[in-house]
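Engineer: Handing you a structure now.
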Amino acid sequence: MTAGEDDVWLDDDAGPLIRPYTVTAGRTRPAVRLDMLSLVVASGGVPANLDPEHAEALALCRTPTSVAEVAAHLRLPVAVTKVLLADLVHWRAMTTRAPRPAADLTDRDLLEKLLDGLQRA
Amino acid sequence: MAYNEPEVFPTQVKILIAGGFGVGKTTFVGAASEIEPLSTEELITAASAGTDDLGGVEGKTTTTVALDFGRITIAQHDIVLYLFGTPGQQRFWFMWDELCAGALGAVVLADTRRLDACFDAVDFFENRGTRFLVAVNEFDGAFRYEPDEVRAALELDPRVPIVLCDARDGRSATSALRALIRHLLAAVPAPSA
């Protein structure tokens with residue numbers, strides 16, 4: 001391939017070329033409520049005619065992965081990533097689990113396990 | 001197919017790493033994290049600051065703010081701890097509500113050369129009721145203050161722990177995290193016999 005008009009002429013500093021609402025087809029609210037730390041994992045089913053953004057998001061979630069991590073790998077804002085992932089959950093291509101509720105802050109067992117884990121880290 | 005096996009979801013928890021601009025939050029996250037710190041972006045629009053709602057981005061000025069985070073997996077207890085370096089600039093603090101929701105607590109990093117840079121973070125967590133400790137990042141060349149001097153300068157509640165740390169050193173950063181967990185544990189009533 002010789003240099004041509006298809007060459008990438010932007011570097012990383014330019015940021016994403018696609019406006020966020022283009023990726024989400026103009027939708028601004030996720031179909032399923034997701035937190036930054038909600039875990040998503042591919043269910044194994046792949047919807048037909050998946051567009052590249054959804055397919056890439058799905059491919060990143062073969063093991064349970066947080067919404068924040070998917071956003072970082074997709075290099076999309078968290079709010080945009082949530083819309084894509086919520087679609088995939090809605091289409092049953094993914095399952096999700098919300099993070100622990102804040103009420104568990106007084107969970108002595110959890111804190112002791114954390115302390116134990118950090119002692120070994 | 002592995003896809004059809006029942007998935008085991010680990011328990012996910014988060015701790016915030018806060019402090020003024022340039023105090024070493026990203027360095028701290030990177031030192032403690034088992035992965036290279038990841039960066040994500042939050043969208044900010046004049047219409048819908050820091051919410052899930054992208055409505056209005058077509059017409060309004062949109063900007064983004066970077067959010068660095070790292071991860072510590074505690075495999076033996078099936079826990080994943082996320083460390084979020086919170087954007088230091090005060091104008092981004094509306095984002096902190098989602099970050100604070102469900103957070104176990106916060107480490108406020110302080111630089112003794114610019115203690116005033118962490119006033120805002122201390123105020124924010126005090127007002128919000130988020131439990132935190134202050135970790136004095138020992139920069140080379142910084143004058144060493146006694147913890148009591150730092151406490152007085154920040155007008156900290158006597159119950160808020162102050163620890164010294166080197167944000168570049170993973171063991172030191174992890175030690176500050178342990179101090180925070182011990183602080184949190186101290187507030188939990190002992191199990192009734």
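The values are calculated or read from the model by the stated rules, or taken from the named source; none is laboratory data. Keep in mind that what you see is a predicted model, and the values were worked out from it rather than measured. Cβ placement follows ideal geometry from the backbone for every residue including glycine, while neighbour counts extend to all protein chains displayed.
Engineer: Can you name the residue in region B:148-172 that is of a type outside the set (D, E, K, R) and either assigned to a loop (DSSP other than H, G, I, E, B) or facing another protein chain (nearest Cβ under 10 Å) (or both) and, of all such residues, is surrounded by the most Cβ atoms within 10 Å (Cβ to Cβ)?
Structural biologist: Filtering region B:148-172 for residues that are of a type outside the set (D, E, K, R) and either assigned to a loop (DSSP other than H, G, I, E, B) or facing another protein chain (nearest Cβ under 10 Å) (or both), the one surrounded by the most Cβ atoms within 10 Å (Cβ to Cβ) comes out as B:Ala167.
Engineer: Continuing with this model, one more query. Going through region B:100-137 one residue at a time, which ones are in a helix (DSSP H, G or I) and small (Gly, Ala, Ser)?
Structural biologist: First, pick out the residues of region B:100-137 that are in a helix (DSSP H, G or I): B:100, B:112-128.
Correct list: B:Ala117, B:Ala121.
Engineer: I've got another one for you. Hey, does region A:101-113 have a residue that's more than 8 Å from chain B (Cβ to nearest Cβ), touching a strand residue (DSSP E or B) at 6+ places or on another chain (Cβ under 9 Å) and without any contact (Cβ under 8 Å) to a residue 60 or more places away in the chain?
Structural biologist: So far as region A:101-113 goes, yes, one or more of its residues are more than 8 Å from chain B (Cβ to nearest Cβ), touching a strand residue (DSSP E or B) at 6+ places or on another chain (Cβ under 9 Å) and without any contact (Cβ under 8 Å) to a residue 60 or more places away in the chain.
For (1) at pLDDT 90 or above; (2) at the interface with chain A (Cβ under 9 Å from one of its Cβ atoms); (3) out of contact with any strand residue (DSSP E or B) (no Cβ under 9 Å at 6 or more places or on another chain); (4) closer than 23 Å to B:Ala135 by Cα, each residue gets a yes or a no:
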site	(1), (2), (3), (4)
B:Val65	no, no, no, no
B:Phe69	yes, yes, no, yes
B:Ile72	yes, yes, no, yes
B:His77	yes, yes, no, no
B:Pro87	no, no, no, yes
B:Trp96	no, no, no, yes
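Engineer: B:Val150 versus (1) in contact (Cβ under 8 Å) with a residue 40 or more places away in the chain; (2) closer than 22 Å to B:Leu83 by Cα: which is the lone unmet condition?
Structural biologist: That leaves (2) as the condition not met.
Engineer: Still on this structure, please answer the following. State which residue is modelled with the lowest pLDDT when the search covers only region B:116-141 and only residues that are surrounded by fewer than 18 Cβ atoms within 10 Å (Cβ to Cβ) and of a type outside the set (D, E, K, R).
Structural biologist: This residue is B:Gly141.
Engineer: Against the condition more than 30 Å from A:Ala93 (Cα to Cα), surrounded by 19 or more Cβ atoms within 10 Å (Cβ to Cβ) and either among the hydroxyl-bearing types (Ser, Thr, Tyr) or at pLDDT 80 or above (or both), how does B:Gly102 come out, does it pass?
Structural biologist: Numbers: more than 30 Å from A:Ala93 (Cα to Cα): no; surrounded by 19 or more Cβ atoms within 10 Å (Cβ to Cβ): yes; either among the hydroxyl-bearing types (Ser, Thr, Tyr) or at pLDDT 80 or above (or both): yes.
Considered against the rule, which asks whether it is more than 30 Å from A:Ala93 (Cα to Cα), surrounded by 19 or more Cβ atoms within 10 Å (Cβ to Cβ) and either among the hydroxyl-bearing types (Ser, Thr, Tyr) or at pLDDT 80 or above (or both), B:Gly102 comes out as no.
Engineer: Anything in region B:161-183 that is within 19 Å of A:Arg108 (Cα to Cα) and modelled with pLDDT under 95? List them, or say none.
Structural biologist: Hits for region B:161-183: nothing passes.
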